[in-house]
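For reference, the structure discussed in these notes is given below.
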Amino acid sequence: MTAPTLVIGVGNPSRGDDALGPAFVDRAAEELRTFVEGGHLELLTDFQLQVEHALDLIGRARVVFVDALVGGDAPFVWRRVEPARDTTVSTHAMSPAAVLDAHRTVLGDPPEAWVLAIRGERFELGEGLSGVAAGNLESALVFFTATCG
């Protein structure tokens, strides 16, 4: 059975606050263990989104892309995302909208999709998660649990 909700945490754990996506997934695995074990929620991490992630959306009712936010509102931004073609010339990294568009093009209508962008402040190679980002992550987790849990 495919879990109806998929959370994809995106980011590089070796680049400071860019680790917010994977760190969110780690914390969600702890806090939402009963939902994961009950087959209601699946958690996935990757360094970046790629076209193959469109296949991870098969059979889902909802997907949430979690990533670090450079600038913008703190502690996080929660917004709906719709399929759209990327205008970049590279497939090295894709936006959530482009992953949804790939799903729509090949497999049909994608699931309902959201972006949870958590505000970070330091993104240097070799740095750990900053204190501010860790606090923002906890705020995002409380929101996500209340909204989706």
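Just so it is clear, none of the values below were taken in a lab; they were calculated from the coordinates. All of these numbers come straight from a predicted model, not from anything done at the bench. A quick note on method: Cβ atoms are made from the backbone with ideal geometry, for glycine too, and the neighbour counts reach across all protein chains shown.
For GLY120, what is the net charge nearby, where nearby means another residue's Cβ is under 12 Å from its Cβ and Lys, Arg count +1, Asp, Glu -1?
Net charge in that neighbourhood comes out at -3.
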Counting DSSP beta bridges with both ends in the chain, the antiparallel % (nearest 5): 20
Dipole magnitude (debye, nearest 20) for the chain, charges at Cβ of Lys, Arg, Asp, Glu: 280
Net +/- balance of residues flanking ALA61 in space, Cβ distance below 13 Å, scoring K and R +1, D and E -1: -1
Gain in span if fully extended, ARG33 to THR105, counting 0.36 nm per residue against the direct Cα distance: 22.6 nm
Formal net charge of residues neighbouring VAL36 (Cβ-Cβ distance under 11 Å; K, R +1; D, E -1): -3
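So if the hydrodynamic radius of segment 5-148 is defined as the Kirkwood radius over C-alpha pairs, what does Stokes-Einstein give as its diffusion coefficient at 25 °C and 0.890 mPa s, in µm² per second?
Details: Rh = 15.2 Å.
Diffusion coefficient, whole number: 161 µm²/s.
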Cβ-based charge dipole, segment 5-148, positive-most Cα from LEU20, HIS103, VAL70: HIS103
